[in-house]
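Have a look at the structure below before the remarks.
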Amino acid sequence: MATSSVAGDIELDRPNLEDYLPSDSLPQEFPRNLHLRDLLDISPVLTEAAGAIVDDSFTRCFKSNSPEPWNWNIYLFPLWCLGVVIRYGILFPLRGLTLLVGWLAFFAAFFPVHFLLKGQKMRSKIERKLVEMMCSVFVASWTGVIKYHGPRPSTRPHQVFVANHTSMIDFIILEQMTAFAVIMQKHPGWVGFIQKTILESVGCIWFNRNDLKDREVVAKKLRDHVQHPDSNPLLIFPEGTCVNNQYTVMFKKGAFELGCAVCPIAIKYNKIFVDAFWNSKKQSFTMHLVRLMTSWAVVCDVWYLEPQYLRDGETAIEFAERVRDMIAARAGLKKVPWDGYLKHNRPSPKHTEEKQRIFADSVLRRLEES
């Protein structure tokens, strides 16, 4: 029964070629013996359909699901209005006050420790605890209901943690339990200020995805970090971008070439109260936090899975796919064969047309052979 259910889900998710073809390009009845010469006239149409299928399959990984309206009648509308008053008039101010008090207490303790305390080990230990405390304040400001499954990560060398990525709050949720050193894109504004002044104290590493030289520097920092016995556990989001927690895109192989244990972490959000996906192209992180703080709660499950090691004869890409399989299975995510960087850097039209032409030619060859 489980196998048939999974097969059914795959069939429902598979795009139908006929949905992308104009109705006038499809004959009412197909001949029994279909040859290549019969299909040459619709080759351009197949090329366009291939492009539409690829674009639809890719963009659905980064689409937010709009909540279904339930205040559709006179009985439910007053309850909906009451909920808006409670969330925006009571919960949001209380959560904002919690966040403000938390930041004031954090800065009052962090800066004296960071600039005045001389003992390196003691300073690092206190800073780690303060960062964990501040992340707990953030989670409290969303009324976060987080369930952690599995053993808590330990601080030891020669290991790296990898997780699927839905929002920047993934880091906050994981950081409140363990002070990870995360690999993260550089951000402007107040997030960039926190990166430079606070998170660097726990060994976080920043990169610019558009700078090729920066990638080489970061790769060296990663190798040095995992070898150091006193370093905080290293956390990497190998998808390289935020995905909507329904799919998982290809993992970058950098985390799997470090010659150390890879510890998978699966994160799954329950969308009953709010969709935690952050679409950075449409919404700033500040407004994303406001949306979370005006919801009823953020509900999330985190699974710490068994450490994995590179097998004999296994490439880094195969290793990455094996770990992605584990995370997808545990979090109930659908795997897609796309590079998440295409979200930020789409291929040129010439390259896209060439790929579409190759796809259309392959369809024609298969139809001729059959």
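The values are calculated or read from the model by the stated rules, or taken from the named source; none is laboratory data. Being a predicted model, the structure only gives us computed values, none of them experimental. Glycine also receives a Cβ, built like all others from the backbone with ideal geometry; neighbour counts cover every protein chain displayed. Accessible surface areas use protein heavy atoms only, side chains included; no ligands, DNA or RNA. Shrake-Rupley method; radii C 1.70, N 1.55, O 1.52, S 1.80 Å.
Just a few scattered comments:
- Counting the residues of segment 164-177 that are open to solvent by less than 10 Å² (accessible area, probe 1.4 Å) and within 15 Å of GLU127 (Cα to Cα) gives 1.
- Segment 272-320, residues that are small (Gly, Ala, Ser) and open to solvent by 40 Å² or more (accessible area, probe 1.4 Å): SER280, SER284, GLY313
- Among the conditions (1) over 25 Å from ARG156 (Cα atoms); (2) modelled with pLDDT of 85 or more, ASP211 misses just one, which is (2).
- Of all residues making up segment 228-242, the number that are outside any strand (DSSP E or B) and closer than 19 Å to ILE317 by Cβ: 5
- Restricting attention to segment 216-256, the residues that are among the hydrophobic types (A, V, I, L, M, F, W, C) and open to solvent by 30 Å² or more (accessible area, probe 1.4 Å) add up to 3.
- Verdict on VAL323 being part of a loop (DSSP other than H, G, I, E, B), open to solvent by less than 20 Å² (accessible area, probe 1.4 Å) and either farther than 24 Å from ASN208 by Cα or at pLDDT 95 or above (or both): no
- Inside segment 113-163, residues that are open to solvent by 70 Å² or more (accessible area, probe 1.4 Å) and on the phi > 0 side of the Ramachandran plot make up a count of 1.
- Pairs meeting the criteria (first residue in segment 69-85 and open to solvent by less than 100 Å² (accessible area, probe 1.4 Å), second residue among the polar types (S, T, N, Q), beta carbons under 7 Å, at least 6 apart or on different chains) are PHE77/ASN71; TRP80/ASN71.
- Evaluating GLY259 against the criteria (1) small (Gly, Ala, Ser); (2) surrounded by fewer than 22 Cβ atoms within 10 Å (Cβ to Cβ); (3) outside any loop (DSSP other than H, G, I, E, B) leaves one unmet condition, (3).
Okay, residues lined up against (1) among the small types (Gly, Ala, Ser); (2) modelled with pLDDT of 95 or more; (3) over 29 Å from PRO188 (Cβ atoms); (4) in contact with a His (Cβ under 8 Å, 6 or more places away or on another chain):
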{"site": "ARG223", "(1), (2), (3), (4)": "no, no, no, no"}
{"site": "ASN232", "(1), (2), (3), (4)": "no, no, no, no"}
{"site": "GLN246", "(1), (2), (3), (4)": "no, no, no, no"}
{"site": "ALA261", "(1), (2), (3), (4)": "yes, no, yes, yes"}
{"site": "ILE272", "(1), (2), (3), (4)": "no, no, yes, no"}
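- Residue satisfying condition, being in a strand (DSSP E or B) and in contact (Cβ under 8 Å) with a residue 24 or more places away in the chain, within set ILE183, ILE173: ILE183
- For ARG330, the test of being out of contact with any Pro (no Cβ under 9 Å at 6 or more places or on another chain) and on the phi < 0 side of the Ramachandran plot is failed.
- Pairs where the first residue, in segment 148-166, is touching a residue at least 12 places away in the same chain (Cβ under 8 Å) and assigned to a loop (DSSP other than H, G, I, E, B) and the second is of a type in the set (D, E, K, R) and open to solvent by less than 20 Å² (accessible area, probe 1.4 Å), C-beta under 7 Å, 6+ apart: ASN164/GLU239; HIS165/GLU239
- Residues in segment 196-209 include at least one that is among the polar types (S, T, N, Q), without any contact (Cβ under 8 Å) to a residue 24 or more places away in the chain and either closer than 23 Å to ALA320 by Cβ or open to solvent by 20 Å² or more (accessible area, probe 1.4 Å) (or both).
- Residues located in segment 65-101, provided they are modelled with pLDDT of 95 or more and small (Gly, Ala, Ser): GLY89, GLY96
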